[in-house]
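Participant: Quick one: the structure is below, and I'll ask about it shortly.
Just so it is clear, none of the values below were taken in a lab; they were calculated from the coordinates. It should be emphasised that the depicted structure is a prediction, and the values quoted were computed from it without experimental measurement. Every residue, glycine among them, receives a Cβ derived from its backbone with ideal geometry; neighbour counts consider all protein chains shown.
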């Protein structure tokens, strides 16, 4: 299945946009027409470029993050309290303030009142709810325990959001520190150092080699500082565009996993994400093959996702999950051993969730250690550079003072 991006018009003439997995563009158009929408544009998601990319990047989704968690928890609570599904959705309609969220809940409620299952109503909101979300709801409907499934789904979403938030929060301070260090160095080299260069030129003094080097760097920064700001941004943007190519992204992700420090951290994060997804899906009655197909899509590392695809093929042929995932030698051995224990004990779903807890804890510890080491390292680097610059500009002054004295 391929991910496509689409635009369509609904019966009220409103423009809809999102993503959909399908075998071809024709299938996307057909599915939109079956839902009563008029297809306007369909293209591969990987072909999105320029302004459209930035719009999709900053455009808020009607349900994402904490808002999706709250919606799921509130719906589960209302169903547990004995409210019919359409009544529960009507109550939830009064909670969000955003028009887009209200519109989404209204369309879901109307579809449910028209006789559609909740999973089908969610699927019609193309791209708003993930495949994992829809398939868990569908499994809950089939098992007659929709409210319990929604509560477990809310717990899963909250844990996944917490893990993602912890990773982001751990990187915010170092990122700010690096930006401040870069700005300080630009100011020091581009403004302060050239002042000393002009003074030494007026004195016609003989300067040490390392002073000449520092003064030369300062003059370069003063004259070309705009390039030093723009070129890294352009390089980052070019790299970001290059990552949109699936083959390059897969090679880069495989290379990243082999790095000494980043590789184990990425592997732990992705293992925790995959294990929690598989465990939650299996606990809600989704077959293992289907769970692997969904779990593969929650991974951000394409090299690990390829290992999951290969494992799914082997599992279809009767190979144990731990053996199939271990063939790629990218997932941590501890995770494979824990999964093997779950398979042998007949409690694979529980052991997968335990594996997720274990690796989320390890991820947190790794991030804490990384942050504890990274911040002092950046600070020491800044102090070292400042010391070199100060020595370079002050040593000649000291020499001249000694000669005059």
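Participant: For the chain, what's the relative contact order in percent, using C-alpha pairs closer than 8 Å and at least 6 residues apart?
Facilitator: Answer for the chain is 13 percent.
Participant: Return a whole-number percent for the relative contact order of the stretch 264-377, with Cα pairs under 8 Å and 6 or more residues apart as the contact set.
Facilitator: Value for the stretch 264-377: 35 percent.
Participant: A follow-up question, please. Treating the angle as unsigned and between 0 and 90°, give the value, to the nearest 10°, between the Cα long axis of helix 262-283 and the longest Cα principal axis of the chain.
Facilitator: With both axes taken from Cα atoms, the answer is about 10 degrees.
Participant: Let me ask you something else. How large is the helix-only mean residue ellipticity at 222 nm for the chain, computed as the sum of -39500 (n - 2.57) over DSSP H runs with n ≥ 4, divided by its residue count, in deg cm²/dmol to the nearest 500?
Facilitator: Rounded to the nearest 500, the figure is -25000 deg cm²/dmol.
Participant: What is the spin-label model distance, in nm, from residue 43 to residue 198 if the labels are put 7 Å beyond Cα along the C-beta direction?
Facilitator: The two pseudo-label positions are separated by 5.1 nm.
Participant: Also: Cα centroids of the stretch 372-395 and the stretch 296-315: how far apart, whole angstrom?
Facilitator: 44
Participant: To test your reading of the geometry: what angle, between 0 and 90 degrees and rounded to tens, separates the Cα axis of helix 333-345 from the longest principal axis of the chain?
Facilitator: 20
Participant: How would you classify the stretch 241-321 from its alpha-carbon gyration tensor, with a ≥ b ≥ c the square roots of the eigenvalues: rounded for a/c under 1.5, else prolate if a/b is greater than b/c, otherwise oblate?
Facilitator: It is prolate, given that a/c is not under 1.5 and a/b is the larger ratio.
Participant: Here's a follow-up. What whole number of Å gives the distance from the Cα centroid of the stretch 248-277 to the Cα centroid of the stretch 143-169?
Facilitator: The stretch 143-169 and the stretch 248-277 have Cα centres spaced 22 Å from each other.
Participant: Shifting gears a bit: What is the order of 133, 156, 398, 191, fewest Cβ neighbours within 10 Å to most?
Facilitator: Neighbour counts put them in this order, fewest first: 398, 191, 133, 156.
Participant: Subtract the Cα-Cα distance of residue 177 and residue 314 from 0.36 nm times their separation in residues, and report this length gain in nm to one decimal.
Facilitator: Here the answer is 44.7 nm.
Participant: Between residue 259 and residue 226, what's the calculated FRET efficiency when r is the beta-carbon distance and R0 is 25 Å? Round to 0.05.
Facilitator: Efficiency, from the Cβ-Cβ distance: 0.15.
Participant: Among 252, 236, 187, 331, which comes first, second and so on when ranked by fewest other beta-carbon atoms within 10 Å?
Facilitator: On the way: 252 17, 236 10, 187 13, 331 25.
Fewest to most other Cβ atoms nearby, the residues stand as 236, 187, 252, 331.
Participant: Continuing with the same structure: Which residue, 321, 150, 371, has the most motion in a Gaussian network model of the chain that connects Cα atoms within less than 10 Å?
Facilitator: So, out of 321, 150, 371, the one fluctuating most is 371.
Participant: Using packing as a proxy for protection, rank 116-122, 216-222 so that the peptide with the highest average count of other Cβ atoms within 10 Å comes first.
Facilitator: The most tightly packed comes first, giving 116-122, 216-222.
Participant: To test your reading of the geometry: what angle, between 0 and 90 degrees and rounded to tens, separates the Cα axis of helix 209-242 from the longest principal axis of the chain?
Facilitator: 10
Participant: Let me ask something else. Need one number: convex hull volume per residue for the chain, Cα atoms only, in Å³.
Facilitator: Cα convex hull per residue, to the nearest whole number: 187 Å³.
Participant: Suppose the chain between residue 334 and residue 395 were pulled fully straight at 0.36 nm per residue; how much longer would it get relative to their current alpha carbon spacing?
Facilitator: Gain on stretching residue 334 to residue 395: 16.3 nm.
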